[in-house]
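See below for the structure under consideration.
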Amino acid sequence: MLIDIKAVDRLLVSNHSQAAYITVFGDWGQHLGGCIPSYMHNSLVYYILRGIQPGDFLTSFLRGDLFDAMGYADDINCNSFYNYCKFLHNYAPTNCFGSEEIIYSWIKSGGVLGQQESVNTPGVAE
């Protein structure tokens with residue numbers, strides 16, 4: 001899936017309405033906007049799209065250390081574990097979560113956009 005980088009950047013600095021997420025990401029955005037706490041959207045989107053490391057809660061969750069994640073989570077995120085699992089399982093690239101090594105590799109690659117740019121840039125080694 002090719003992503004309009006400028007549309008993503010506009011979205012991330014805007015008011016983050018659910019309609020805006022749906023416009024940019026389709027079903028992916030609908031689930032993100034409807035199930036993940038709104039104050040977590042930027043962290044999750046920046047991590048998936050740009051490979052920018054999120055905070056302690058989300059990093060722990062992404063690597064699969066749910067006990068550690070619970071220690072960092074606020075009450076809203078504690079009650080959203082199922083929604084995070086559902087979102088990651090159904091919409092996130094499978095190679096962006098699951099272990100410390102996977103997270104490191106994802107960050108190093110620059111996320112979806114970094115991988116997209118390396119594929120579209122002649123002479124860039126994989």
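Name the helices (runs of 4 or more DSSP H) wholly inside the range 42-104 in which the number of residues that are loosely packed, with under 12 Cβ neighbours inside 10 Å and of a type outside the set (Lys, Arg) is 1 or more. Break it down stepwise before answering.
Numbers: elements: 56-63, 66-72, 75-78, 81-91.
Counting at least 1 such residues, we get 66-72, 75-78, 81-91.
In the range 55-84, what count of residues is obtained for those that are without any contact (Cβ under 8 Å) to a residue 12 or more places away in the chain and touching a Leu at 6+ places or on another chain (Cβ under 7 Å)?
The number of residues fulfilling the criteria is 0.
Which of (1) of a type outside the set (Ser, Thr, Tyr); (2) at pLDDT below 95; (3) more than 13 Å from the chain's Cα centre (by Cα) is the odd one out, the single condition GLU101 does not satisfy?
The one condition GLU101 does not meet is (2).
The values are calculated or read from the model by the stated rules, or taken from the named source; none is laboratory data. If you're wondering where the values come from, they're calculated on a predicted model, not measured in any experiment. Note that we place each Cβ from the backbone using ideal geometry, even for glycine, and neighbour counts take in every protein chain shown.
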